[in-house]
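Reading through the structure tokens given below for one structure.
The values are calculated or read from the model by the stated rules, or taken from the named source; none is laboratory data. Nothing here was measured: the structure is a model prediction, and the numbers come from that model. Every residue, glycine among them, receives a Cβ derived from its backbone with ideal geometry; neighbour counts consider all protein chains shown. When the accessible area is computed, the model is the full protein with side chains, heavy atoms only, and any ligands, DNA or RNA have been set aside. Shrake-Rupley method; radii C 1.70, N 1.55, O 1.52, S 1.80 Å.
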Amino acid sequence: MAALILQLTGSPLAVGAVPAILRLGWLTPQIFVGYFAERSGASMPFYAGGAFGRTAAIALLAAVLWHGSAADWRPVSLGAAALALWTLYAFVSGIVGVPYNDIVARSVPSNRRSRLLALRFFGGGLVALAVAALADHIVRTADFPVSYAAVLWIAAALMLVSSVVFVSMGEPERAGIPKGAESFAAYFREGRMAFRNDTRFRWFVFAQWCGGATLIAAPFYVVAAAEMGLGLENIALLLGAQTSGALASNLLWGWWGDTRGKLSLMRLISFLRLAPPLILLAVLFLEMAHMQMLIALVAVFLLLGALANGLTIAVLGLLMEISPEHRRPSYSGYFNALTAPAFVLPLLGGVIYAAIGAEAVFFLSAVSAVGQGYALAQIR
């Protein structure tokens, strides 16, 4: 999506908005979904609404790109429409977070959850590799932005299949578990008390704030690659490397999380998150031949893919562990709402990138990774 917005608008700020919108949209609705899901006693209806809604949003985005190309829309106008529909997709997607955590935690024992998530990402990674190869062919042979519209149609079809499969499995009953707070105001007050009194939960929130700051550089790895002269035609190669890294690392993350613990996995990931920005800084400061830069960037994207999967497995697993069983929807809502503001920082990254340069953005990302490691070290 960042590459699409870059080609349509040419704006670093717009590129920075892409991941910020995604994360903010994912996290913001969850405080409300947590309240309603805990009171209703069933999470699957909320999951179904979010899952099928986000599929429709991606399909609509593909249709707009297709129509905009045929109608000769100005690139900036098409970029604005794409960002608007991306925002819709992000906020509708956020509905699924709380019910997914609750359903998985009630369905799978703790000592199998990391491997389950790893297996899910492994299967998804195999599909993503095939899609990346197809996307590479489409991007190289079809006109822009019709090529991106075709890729998004494929994504929407795969999301629809995933949604149907998950919803068809159903969810365990919450027998004997009391409903949550009677009013949203009381529910909100309970969240403040949880943050104040639950030390592990509070430090986990602090760690996630630093994790969000680490993502300040996320959309600019692609931009930096383009500015180094590698060209946007190598985007599919870099994305394929990212997918390969995610795929190859799943066995490690699943084994580590279930045998050495979710907190241990989270600490490992926070340490390894230092590597991508530091490698990028080295590439920026050192004189390298074209092929050497490409190899370094492939290594960076391999790490980015591996760490993205590991982080998701670690965060979901640790959140399920520290949440009281009968309050899991609420804790998921509290956690994601409290950490949402940190994920608008890529917008700040766009400003810093334009005003100071890439070096400042990647340096701040590395510093934030150190901060996340410190916060995690405080959890016992």
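Some points to look at:
- Mean accessible surface per residue for the chain, computed with a 1.4 Å probe while every protein chain stays in place, in Å²: 43 Å²
- Percent carbon-and-sulfur accessible area, the chain, ignoring ligands, DNA and RNA, probe 1.4 Å: 69 percent
- Inter-centroid distance (Cα atoms) of the range 43-78 relative to the range 278-342, Å: 26 Å
- Rolling a 1.4 Å probe over the protein chains gives Thr9 an accessible area of about 50 Å².
- Residues of the range 321-344 falling in the label zone of Ser40, defined by backbone nitrogen less than 20 Å from a point 7 Å along Cα to beta-carbon, are 326-337.
- Selected from Ala20, Ala246, Ala275 as most flexible by GNM, with the chain as the system and alpha-carbon contacts under 10 Å: Ala275
- Normalising the average separation of contacting C-alpha pairs (under 8 angstrom, six or more residues apart) by the number of residues puts the relative contact order of the chain at 31 percent.
- For the range 261-380, the C-alpha radius of gyration sits at 1.24 times the compact-globule guess of 2.2 N^0.38 Å, with N the residue count.
- Distance histogram in 5 Å bins (all Cα pairs of the range 1-41, percent per bin): 6, 22, 18, 13, 11, 8, 9, 7, 4, 1
- Fully extending the segment from Ser107 to Met193, taken as 0.36 nm per residue of separation minus the present Cα-Cα distance, adds 28.1 nm.
- Largest accessible area first, the listed residues Thr259, Thr312 line up as Thr259, Thr312 when surface is computed with a 1.4 Å probe on the assembled protein chains.
- Ellipsoid equivalent to the range 1-96 - semi-axes via the Cα gyration tensor, in Å: 30, 15, 7
- Estimated inter-spin distance, Val167 and Ala354, nm [label 7 Å along Cα→Cβ]: 4.0 nm
- Per-bin percent of Cα-Cα distances, the chain [10 Å]: 5, 22, 34, 26, 10, 2, 0
- Where GluC sites (Glu not before Pro) in DSSP loops with at most 10 other Cβ within 10 Å are excluded, longest remaining stretch of the chain: 1-172
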